[in-house]
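Novice: To start, I am sharing the structure in question, which I have written as structure tokens.
The values are calculated or read from the model by the stated rules, or taken from the named source; none is laboratory data. The shown structure was predicted, so the numbers you read here are calculated from the model rather than taken from an experiment. Here Cβ is always computed from backbone atoms with ideal geometry, including for glycine, and neighbour counts include all displayed protein chains. Each accessible area value is taken on the protein alone, full model and side chains, heavy atoms only, with ligands, DNA and RNA left out. Shrake-Rupley method; radii C 1.70, N 1.55, O 1.52, S 1.80 Å.
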Amino acid sequence: AMLDPDSGLSLTIARIVQRLKGSSLHSQLERQARVSLHKPEIKLESLKEDIKDFLKTSGWEKKLQNAVYSQLNVFPLPCHPAAPPEHMKEPLAYMRKAQGSWEKRILKSLNSMCTELSIPLAQKRPVSEQKELLNKWNEMGTDEPDLSLFRPVYAPKDFLEVLMNLRNPNYENGEQPSFRSHLGLIQVPLKVKDIPELKEDFSELGLNIGQLGIDDSAQVPPEFFENEHVHVGQKVLAEQDSAAAQQYVRQGCPTALRADLWALILNISNQPEDILYYEQLKSNVIQHDLLVDSLIYKDVKLTASNDDYYFVFEDYLYQVLLCFSRDTSVLEHFTYSSATPPKSYIRGKLGMEEYAVFYPPNVNYNSFILSVAPLCFLYHEPSKLYQIFREMYVRFFFRLHSISSHPSGIVSLCLLFETLLQTHLPQLFYHLREIGAQPLRISFKWMVRAFSGYLATDQLLLLWDRILGYNSLEILAVLAAAVFAFRAVNLMEVTSLAAAE
């Protein structure tokens with residue numbers, strides 16, 4: 001049930017105030033307000049207004065606006081006060097159930113690996129090992145441990161199988177002709193956008209609007225679009241306004257401004273306390289050895305080390321991912337994610353809640369690695385790189401690894417992709433289906449990795465500009481369908497999945 005707008009708004013305001021209260025911004029604002037009391041222009045009789053004016057002119061109001069905007073972008077709008085809390089995570093019971101059993105399967109896989117290899121989930125490193133790790137922190141890639149026994153927790157195709165088997169129990173018996181006509185692999189009735197709705201939502205991608213990455217190419221005199229666009233970008237940065245930056249990047253980011261614009265949109269400023277937090281995570285990595293470390297190691301070796309673009313960032317990838325696997329602040333995103341953090345019990349205390357630990361706060365799969373790698377091109381300072389990745393993860397990427405009905409969730413993206421293709425290229429869709437090359441079997445890994453590892457980095461960053469600009473992952477499904485449309489003529493000729501691939 002929707003709330004009436006007024007009470008909905010006041011609930012939202014109350015929640016944002018609550019969330020900002022614990023932040024460092026809140027204490028900085030208090031400190032600034034106190035400092036301002038000693039300024040001659042602040043009068044006792046108009047104290048409240050004067051302090052407000054001071055915070056405006058000194059730029060603190062902008063910072064507060066950006067923080068509020070960031071909260072609005074990440075957290076869903078409050079649902080009805082009577083709705084149970086799990087509704088905020090995921091309103092559909094069958095989706096919650098499917099996500100729950102998927103998590104069990106992953107945890108089982110981790111636990112059985114521990115048993116087979118007889119290594120604990122976590123243990124303290126001996127001091128000698130701690131020293132060694134600290135010394136080679138910046139060149140971990142040179143290490144060659146034997147990881148042949150470790151296997152990836154799951155592959156994208158295992159995850160796709162789970163999504164293909166999802167069903168809405170309420171639809172099972174009823175004959176719903178409209179939905180039954182969906183011939184794709186995804187068989188759940190979610191509402192996805194059609195072309196007119198997408199055109200309206202992505203209006204800045206209209207053919208009559210300039211796009212960086214296209215209109216700055218050789219055929220168009222650059223002074224038409226690029227110079228003007230760069231100029232506007234510099235103004236947006238000078239204003240330090242997250243909302244303006246988000247609107248701006250919908251047409252793509254100039255390379256020189258991208259790192260700063262993304263940080264502004266994600267509201268990352270790399271304050272001293274953020275750097276300190278990163279250092280604490282690092283010392284946690286150095287002191288404790290987790291089973292996940294070996295999985296991360298193996299994944300980086302398998303993916304990044306073999307990639308022409310990314311192998312140079314191997315050390316960065318270890319640093320960011322090892323820290324990420326120990327970052328409990330990431331647990332906060334579970335309030336609005338359909339997922340639940342995995343729990344393990346201290347040895348011999350199975351099932352006793354007071355001995356439960358979240359482990360690891362984030363199970364890493366190889367698609368993570370590819371979502372850190374492109375960011376290494378933009379950020380060279382580890383703590384900043386780390387914060388940007390963490391924010392990208394809790395805003396967007398977690399949706400590609402969990403089962404939910406969210407429009408940016410992987411299930412909706414798969415359905416959107418299949419619907420676009422079936423509606424707009426029916427012959428191609430039928431042809432591929434007939435030869436056993438269901439299009440989603442090909443495009444799933446592109447979407448689940450947000451195209452990282454499939455596009456050249458400069459193109460990938462232009463795509464991610466749009467994810468940030470529209471605060472949505474739907475563009476991934478649109479791009480996947482567009483790739484099929486682009487190759488339609490050749491695809492009509494193929495006779496097997498391998499040839500289509």
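Novice: Put +1 on the Cβ of every Lys and Arg and -1 on every Asp and Glu Cβ in the chain; which of LEU166, HIS406, LEU378 then has its Cα farthest towards the positive end of the dipole?
Specialist: LEU166
Novice: Additional query: Could you tell me the largest-minus-smallest coordinate of the C-alpha atoms of the range 5-73 on each of the three principal axes, in descending order and whole angstroms?
Specialist: 41, 25, 18
Novice: Pairs LYS63/LYS384; LYS89/LYS157; LYS21/LYS199; LYS104/LYS301; LYS62/LYS282: which are spaced more than 30 Å apart, C-alpha to C-alpha?
Specialist: Table pairs above 30 Å Cα-Cα are LYS21/LYS199; LYS62/LYS282.
Novice: Along the three principal axes, how long is the range 383-501 when you take its alpha carbons, biggest first, rounded to the nearest angstrom?
Specialist: Largest first, the range 383-501 extends 49, 31, 21 Å along its Cα principal axes.
Novice: Below 12 Å, Cα to Cα, which aspartates and glutamates can LYS97 reach? Residues fewer than 8 away in the same chain don't count.
Specialist: Result set, ordered by chain and number: GLU86.
Novice: Roughly how many Å is it from the Cα centre of the range 6-80 to that of the range 105-164, as a whole number?
Specialist: 43 Å
Novice: Which distance in nm do the two modelled labels at PHE486 and SER7 give, with both placed 7 Å along the Cα-to-Cβ direction?
Specialist: The two pseudo-label positions are separated by 5.0 nm.
Novice: If you don't mind, another one. Taking K and R as +1 and D and E as -1, what net charge do the other residues with C-beta under 12 Å from the C-beta of ALA456 add up to?
Specialist: Within the 12 Å Cβ shell, the charges total -3.
Novice: Let me ask you something else. With 10 Å bins from zero, work out the P(r) of the range 373-424 over every alpha carbon pair and list the percent per bin.
Specialist: Result returned by the calculation: 23, 33, 26, 15, 2.
Novice: For the chain, give the percent of accessible area contributed by carbon and sulfur heavy atoms, probe 1.4 Å, rounded to a whole number.
Specialist: Numbers: 14250 of 25000 Å².
Its accessible area is 57 percent carbon and sulfur atoms.
Novice: Taking the solvent-accessible surface of protein heavy atoms with a 1.4 Å probe, what is the per residue accessible area of the chain in Å²? Could the numbers behind the result be given before it?
Specialist: On the way: 25000 Å² over 501 residues.
Counting only protein heavy atoms, the per-residue value for the chain is 50 Å².
Novice: Cα atoms only: what Rg and Dmax, in Å, come out for the range 110-150?
Specialist: Considering the range 110-150 through its Cα atoms, Rg and Dmax are 12.7, 33 Å.
Novice: Still on this structure, please answer the following. In square nanometres and to one decimal, what's the mean projected area of the convex hull around the Cα atoms of the chain?
Specialist: 29.8 nm²
Novice: Stretch LEU147-GLU49 to full length: gain in nm at 0.36 nm per residue minus the Cα-Cα span?
Specialist: 28.9 nm
Novice: Along the charge dipole of the chain, pointing to its positive end and built from +1/-1 on Cβ of Lys, Arg, Asp and Glu, which listed residue (SER338, TYR277, LEU491) has its Cα farthest out?
Specialist: Value: SER338.
Novice: A follow-up question, please. Ranking request for peptides 235-248, 107-120: highest mean number of other beta-carbon atoms within 10 Å first, then the rest in descending order.
Specialist: Final packing ranking: 235-248, 107-120.
Novice: Would you calculate, for the chain, the mean residue ellipticity at 222 nm contributed by helices, counting each DSSP H stretch of 4 or more residues as -39,500 (n - 2.57) and dividing by all residues, to the nearest 500?
Specialist: Value at 222 nm, helices only: -17000 deg cm²/dmol.
Novice: Okay, next question. Averaging over all projection directions, find the projected area of the Cα convex hull of the range 58-153 and quote it in nm² with one decimal place.
Specialist: Mean orientational projected area (the range 58-153, Cα hull): 12.7 nm².
Novice: Suppose the chain between GLN234 and GLU86 were pulled fully straight at 0.36 nm per residue; how much longer would it get relative to their current alpha carbon spacing? Each step should come with its number before you reach the end.
Specialist: On the way: separation 148, 0.36 × 148 = 53.28 nm, distance 4.27 nm.
Here the answer is 49.0 nm.
Novice: Separate question: If you wrap a convex hull around the C-alpha atoms of the range 242-318 and split its volume per residue, what is the figure in Å³?
Specialist: Numbers: hull volume 10.5 nm³, N = 77.
Hull volume over Cα atoms, normalised by residue count, gives 137 Å³.
Novice: Express the C-alpha Rg of the range 6-165 as a ratio against the empirical globular expectation 2.2 N^0.38 Å, rounded to two decimals.
Specialist: Expressed relative to 2.2 N^0.38 Å, the Cα Rg reads 1.71.
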